[in-house]
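Undergrad: Supplied in structure tokens, the structure appears directly below.
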Amino acid sequence: MGVPAFFRWLSRKYPSIIVNCVEEKSKECNGVRIPIDTSKPNPNEVEFDNLYLDMNGIIHPCTHPEDKPAPKNEDEMMVAIFEYIDRLFNIVRPRRVLYMAIDGVAPRAKMNQQRSRRFRASKEAVELADEKQRMREDIFQRGGYLPPEEIKERFDSNCITPGTEFMDNLAKCLRYYIADRLTNDPGWRNITVFLSDASVPGEGEHKIMDFIRRQRAQPNHDPNTHHCLCGADADLIMLGLATHEPNFTIIREEFKPNKPRPCALCGQIGHELKDCQGVAREKRGEHDEFADTIPTSEQEFIFLRLSVLREYLERELTMASLPFPFNFERSVDDWVFMCFFVGNDFLPHLPSLEIREGAIDRLVSIYKDVVHKTGGYLTENGFVNLERVELIMQAVGVAEDNIFKKRKDDEENFKKRMKEKKKRLKAEQGPAFLLGGQFAPQALGGRDRPIPVQNARHTAFDMRMEGNRYQQNKNAAESLRATLRNGSKAPAGPSDGMDNRGLKRKAEDSDSEPEPEDNVRLWEDGWKQRYYKNKFDVDETDEEFRKKVVKSYVEGLCWVLRYYYQGCASWKWYFPFHYAPFASDFKDIKDMFKDFEKGTMPFKPLEQLMGVFPAASGNFLPTTWRALMTDPDSSIIDFYPDDFAIDLNGKKYAWQGVALLPFVDERRLRAALTKVYPDLTTEEGRRNSLGSDVVFVGKSHPLCDFIIELYRSESCEGTEIPPELCHGIQGTLNLDEEPILPDKPVESPVPLLRDIPCSSAVGIKFKDPQFEERHVFKAVVLPGAKMPNKVLKPGDWHRSNSGPWKPQLGFNPNRQQVHLDQSAFRTLGHHVNSHQQGSGQHNQPRIGQHVGGQYSNAPPPSVYHQGNYRPPLRKDPPPFQHSRQHGFPRAPPPSHQQQYPRPQRGGHGGHGWDRAMQAQGTAYQHNVQRGHGGQGSYHQQPPRRDDRRPQEGYNSGRGYALPPPTRRYNWSS
Amino acid sequence: MAEGSGGDVSEFLSQNPHLAQWVESLKEHNETNKQWLARREFVLRNREVFPTIRPGTTNHSLDRLLSMSKVWANHVFLGCRYPQPVMDKVNEMAEGITVNEADKCVHKTRGEIVGKGKRPAVSVSDGESCSKKSKTGPSDTDGKAVERNSGRPVAAPVKSGPSPGAPAEHQPFFNRLYKAVAWKLVSAGGFGPNLDHFEILRTCVESCKASVSCVFVPLKDIPDLPAGCTQKEGQVCELRCQTVYMGTGYGRDECAARAMASKEALKIFQGRKVTVKLSRRRFRGQDVEDLVLLDEQPRRSTLPPALSYPFQGDQ
């Protein structure tokens, strides 16, 4: 779902769903990179069974990255994609299945979004090239220097659309990649790899869902499979919840806002293209040794635990005293459904529901009110009960008026605040606060004993007020002076700076940028009328038209929910308007929708290209097809405007607005294409055909012999996979025309990479289990599924029973905390001793700098857990001196003491230190124990896992309690 | 839809019921009545152009007609733009159909929105966003004054520019003007803040048998202000003499702006000589070659965007 705000909202509201990934980095030894052995236990202390990759989320950043220079050619792109997959594989380390899904032809409902993205992208690319050219000339004229322009073809990101040569190549390369890894990588040895390339219709994530859904519906499915889905789209969260699998985790890149991007002209970081001066590059490091390092850290990954989200939702959605029994699973489905109102890829969101304004919270509270009246849930297995939805919509409709008014107020307030802030910042020449009270510096070793900080916020406030007063004094003095100068003219007030009334007021201090005019003015009476007039060009009186819009929207809601729970109900359906109706317009919707047209077919890849590409990307199409996009006599020329209007719709930037593109008339498109179909070459014909999923296994996989046997017997019928061979996965196998076979060479499609002389992989076409057309996939937790342990603090937790609550940061509640072994302590002691004279306290933050973690081997939950984290308090801290002696047998000099932060401070600073000291004793014991028995246990291959393994293994019983020795040890202050 | 032609259409259809039914079948599900009526007229008017169209069947020529009608409707109601040949053809076909101004698409095209901000415009918003007042200097006595600013700027892309020989042509005049200014300033007690700069500049220019032209534009109407500059009130004045740009100034009102511009212009004359040069600068979102007067010091900053451009159209 194209709602970036959704993820942000979710991770703020439900912080514990996020777990930072632990990634084992490969090491170099004498210049040789040592590959990571991914067959070793997962350092995240959890074992995943299946990893699903929504490949488009990987292809885009790898082919046209935003934070680093783009790869030079297609080969480099492929290598970048391979590396990215390797990285993910190393983090997740799936044990059963790797499923790669590339977006195929999407349902018609998605086409308008794709169209608008591609039309925009094409325009932006041209603009960027123009601007670059212009800036280049400009800089040269001013005598600047720029690196020579690399001769490379401009990469049109529009080629990442099914049917293009690029996608075809990518599929070939991925086959090679899979064969290579299955042959050479021990972590892949027992993995079943599925590849669903762009020739298989359906969006990537939905192909994955279809796979999961169909596997769940067959009796051999292991209900305790641990799924991990990779992708950044917010709708993956919905999809994951919709599966009702108890163990579902999403992995995605950590979102870091405002990452610096290199200038597109000179490649330097720190300015944007328009400010490029063409000055020589600054040296990085004394001898320019850091020239190629990017100042930002590498993109990190995070896990998003849906099981924890379910815990949160359970708390939020549980309703007592319902007229019918409460069913959590059903209420999750309703929650997912309500999120669609706020935004999805297929429908514009309702004007009154804005995720930033807490729309989902509002919906949930309305839902809880209304559900008493509705007598049941809104949805069942992906089918919508429209009568009940109408009640919700009407409840939203009642609030609509106020929402719009409040939105305007908030906006005004925000502007005002920003203005004030600007003013304040300008006025702030004096100190922003005065250091005083308990934060005032005190001489070390003075007579006053250090006192714990109390009520720090209040002190901070006092200090700020003090600063303000200082500022006011200054202002008052100034105005007094001014009064004296100007005689009787009284100044307007101390806050109104004198310099403001000069003739040459600086342009900056006026407030807003020119804002787009908003004709709809939703905050004023008559908004509905104006909205329909402006957006749809119909009068208030045109009830019929408004009904039509509502009907389409209702169909849309049904379609989307069905899409998420049952698969694509109709390939043809789409929402034929650019805007949504108001919630209050949803009246009498009960009979507005019956069912979708049956038996619709997806477009062929090249047909879809004709539907989503602008004329500027026509080079991806055969010549005669391309001509239809530009020829004035073409019968579909109206699909391809040069430029199109954008309705900012209350937003600020063009990319946020609604692109007013015409819709494609499917009949006319197909009619026009029948004429040019004969012009396709056989190669193009092949690219235009629908393909099949392919499954690959390595030689040591039990399925391998079965497949080889199929090839040997050349059976042309589909054969079912015996469930016992592949962890209960079922499906139909069909022989591949150009298969990858074991002991045969596989040619590398990328010149940079070597051929595989003797692959040990085998590939065969795969088809998901088929069900009869009227089959309904049940949205329930499967029998036999074990719910994972709870992570959130129980509501009825009492300190007295079991001590203070210890929040869980990773997957494993009993995670071994990090310790240093003796040699590490010796090193540390050595460094502390050698540094203490000069730098005193300073060495602490320095040590901490490159170490991420707070006593855990996971990086600190910096962004998402802010404020949420509390270091565990020890009931009974051991005497400080004692533990130190224990830790430093060589007895550091006594003057040491002041260097340690005072333990009372509780928060940062002191913590790592005395923790480490304390941990030392136990760590030693651990080491001893490990020496006896534990040592060998994680060197050996983990026991082959069979299907119905007890679930608790993941969280507790797996016995990887001690970290493998290769791990980074993080600790910090 | 104008009632007049709409009435004709309904009358025509009531006389040809078989056509009425056929043409109604061409209405699209998501089309509003108003848009449909306009498009229906387009279809009916141009039906004859495609003689192979038979009501009740779909064929290639019908699809072409439909396509053209959609191009036209998309342009008028949705704000799409098509390649010029397509537009020409469609406009020709649509001749005679009247659509209320108010019903047309009010949104700006992508190019306009994006071009207005920080990026170079692909298609610059024309007159409507920068209505420009133009005045020549108060003492426009000399007939040789070359400047003529048409009230509404020509929307056509700025193609023509000053000829490469123009700087040399204008140089002798400005050498004379330089001397005149120098003497005038000497008699006024030297360049300083308390002079009436415009008066000095005007008398000097007039003594050289030419005139100063001032163009005033309200600040808010200038399309490509730097992003940081968000002041809205006030006027901006640009001074030219014999099409050569001399200075830009900003002030609360026109007088103040003109004074500021004159001051800037006189600053150029503080150097050892003045030179007329060709220089690139922004004009309504595009880069143009302009004739500018410079002193011999290397310029640090780029020139402010031009407010007028006397090298197009009638030049």
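The values are calculated or read from the model by the stated rules, or taken from the named source; none is laboratory data. Owing to the predicted nature of the structure, the values given are computational and were not obtained by experimental measurement. Counting neighbours? That spans all protein chains shown, and the Cβs are built from the backbone with ideal geometry, glycine included. Accessible surface is based on the protein model in full, side chains and every heavy atom, while ligands, DNA and RNA are left aside. Shrake-Rupley method; radii C 1.70, N 1.55, O 1.52, S 1.80 Å.
Undergrad: So for the pair A:E724, A:D631, with labels modelled 7 Å out along Cα→Cβ, what separation do we get in nm?
TA: Going by the 7 Å Cα→Cβ label model, 6.3 nm.
Undergrad: Mind giving me the FRET efficiency for A:E329 and A:K373? R0 is 22 Å, r the Cβ-Cβ distance, nearest 0.05 is fine. Don't skip to the answer; put the middle values down first.
TA: On the way: r = 22 Å, r/R0 = 0.98.
After rounding, the FRET efficiency stands at 0.55.
Undergrad: When the Kirkwood radius is taken over all Cα pairs of segment A:1-47, what Stokes-Einstein diffusion coefficient follows at 37 °C and 0.692 mPa s, in µm²/s?
TA: Numbers: Rh = 14.0 Å.
Diffusion coefficient, whole number: 234 µm²/s.
Undergrad: Expected output is a single nm value to one decimal: the length gained when fully extending between A:D401 and A:S365, i.e. 0.36 nm times separation in residues minus the C-alpha distance. What is it?
TA: So the chain would gain 11.2 nm between A:D401 and A:S365.
Undergrad: Follow-up question, since we're still on this one. Excluding ligands, DNA and RNA, what is the solvent-accessible area per residue of segment A:605-686 at a probe of 1.4 Å, expressed in Å²?
TA: 37
Undergrad: Compute the accessible area of each residue in segment A:537-581 twice, once for its chain alone and once with every protein chain present, using a 1.4 Å probe on heavy atoms, and list those whose area falls by at least 30 Å².
TA: Going by heavy-atom accessible area, the residues of segment A:537-581 that drop by at least 30 Å² are A:D537, A:F545, A:K548, A:P576.
Undergrad: Using only Cα positions of segment A:333-381, each an equal point scatterer, no hydration layer, compute I(q)/I(0) via Debye at q = 0.13, 0.14, 0.20, 0.25 Å⁻¹ and quote the log10 values to two decimals.
TA: -0.31, -0.36, -0.70, -0.98
Undergrad: Using a simple spin-label model with points 7 Å from Cα along the Cα→Cβ vector, what separation in nm is obtained for A:H775 and B:A188?
TA: Calculated label separation equals 9.2 nm.
Undergrad: Gain in length, B:R176 to B:K267, computed as 0.36 nm per residue apart minus the alpha-carbon separation, to one decimal in nm?
TA: Stretched out fully, the B:R176 to B:K267 stretch lengthens by 31.1 nm.
Undergrad: Round to a whole number: what % of the accessible area of segment A:605-686 belongs to carbon and sulfur, probe 1.4 Å?
TA: Carbon and sulfur atoms account for 56 percent of the accessible area of segment A:605-686.
Undergrad: Additional query: Say R0 is 51 Å: what FRET efficiency, to the nearest 0.05, do A:D275 and B:D8 get from their beta-carbon distance?
TA: Plugging the Cβ-Cβ distance into 1/(1 + (r/R0)^6) gives 0.30.
Undergrad: Taking the Cα centre of each part, how many Å lie between segment B:201-220 and segment A:1-60?
TA: Going from one Cα centre to the other spans 67 Å.
Undergrad: Segment A:124-148: which residues show an accessible-area loss of 50 Å² or more, assembly versus chain alone, 1.4 Å probe?
TA: Residues of segment A:124-148 that lose at least 50 Å² of accessible area once the other chains are added: A:E127, A:R134.
Undergrad: Any idea of A:W805's accessible area? Nearest 10 Å², probe 1.4 Å.
TA: Here the residue's solvent-accessible area equals roughly 60 Å².
Undergrad: What nm distance separates the two modelled labels at A:R754 and A:A129, each placed 7 Å from Cα along Cα→Cβ?
TA: With each label point 7 Å from Cα toward Cβ, the separation is 3.9 nm.
Undergrad: Let me ask something else about it. Suppose R0 equals 35 Å. What FRET efficiency, 1/(1 + (r/R0)^6) with r the Cβ-Cβ distance, do A:S692 and A:E253 give to the nearest 0.05?
TA: Values: r = 30 Å, r/R0 = 0.87.
After rounding, the FRET efficiency stands at 0.70.
Undergrad: About its Cα centre, how strong a charge dipole does segment A:567-608 have in debye, to the nearest 20, once Lys and Arg get +1 and Asp and Glu get -1 at the Cβ? It would help to have the intermediate numbers written out before the result.
TA: Values: 6 positive and 6 negative charges, 23 e Å.
In total the dipole reaches around 120 debye.
Undergrad: Where in segment A:655-696 is the amide nitrogen less than 19 Å from a point lying 7 Å along the Cα-to-Cβ axis of A:T624?
TA: A:668-689
Undergrad: Oh, and also: If you take the accessible area of B alone, add that of A alone, and subtract the area of the pair, what total do you get in Å², probe 1.4 Å, to the nearest 100?
TA: 4700
Undergrad: What is the percent of Cα-Cα separations in segment B:3-103 that go past 21 Å?
TA: The share of Cα pairs beyond 21 Å in segment B:3-103 comes to 31 percent.
Undergrad: Convert 10 °C to kelvin, take the viscosity as 1.306 mPa s, use the Kirkwood radius over C-alpha pairs of segment A:605-686 as Rh, and evaluate the Stokes-Einstein diffusion coefficient in µm²/s, rounded to a whole number. Mind showing how you got there, number by number?
TA: Values: Rh = 14.0 Å.
Using the Kirkwood radius from Cα pairs, D works out to 114 µm²/s.
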